[in-house]
Amino acid sequence: MLKDIKESDLGLSLVVSGIFDCVKGMCQKNGIHRHAATYSLGIWGKTEKLPPDEVLDVITMCGHGMVSAGRVNAMADEVRAGRKSAEDAAKELASQCDCGVFNPSRTAKLLAALAK
């Protein structure tokens, strides 16, 4: 894929994420020189103030933080009460994500589990 994108010469910036050494190797193999790297250093601070892991699994799908924990809990309540299907609730949450990375299929499964 990287080779095809490079050969297309679209004039666009590309973000590749993954295990650093693997991404670095793929870039080198395809003659791509990276200009930046971002590392995750974990979660610091008062982690007890974070939402439960089940909610974090949903809200962290949007890299821009556009899906709130409160909204996830509200959608789980709607599913639990039978007012929405998990799929419809997931689509509603996905509409909040501008970057389009949010995964509605995975979210529907997570919401169904949260609703139990």
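Structural remarks
- Of the numbered criteria (1) among the charged types (D, E, K, R); (2) part of a loop (DSSP other than H, G, I, E, B); (3) under 30 Å from residue 116 (Cβ atoms), the one residue 34 fails is (3).
- Scanning region 15-33 for residues that are without any contact (Cβ under 8 Å) to a residue 12 or more places away in the chain and surrounded by 12 or more Cβ atoms within 10 Å (Cβ to Cβ) returns 23, 24.
- Residue match in region 90-108 (condition: surrounded by 19 or more Cβ atoms within 10 Å (Cβ to Cβ), in contact with a helix residue (DSSP H, G or I) (Cβ under 8 Å, 6 or more places away or on another chain) and aromatic (Phe, Trp, Tyr)): yes
Yes/no matrix, rows are residues, columns are (1) within 17 Å of the chain's Cα centre (by Cα); (2) at pLDDT below 85:
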residue	(1), (2)
5	no, no
13	no, yes
19	yes, no
24	no, no
31	no, no
36	no, yes
39	yes, yes
48	no, no
52	yes, no
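- Any hit, region 49-64, residues being in a helix (DSSP H, G or I) and hydroxyl-bearing (Ser, Thr, Tyr): no
The values are calculated or read from the model by the stated rules, or taken from the named source; none is laboratory data. The model shown is predicted, which means the values in this text are computed figures rather than measured ones. Don't worry about glycine lacking a Cβ; one is built from the backbone with ideal geometry, like all the others, and counts go over all protein chains shown.
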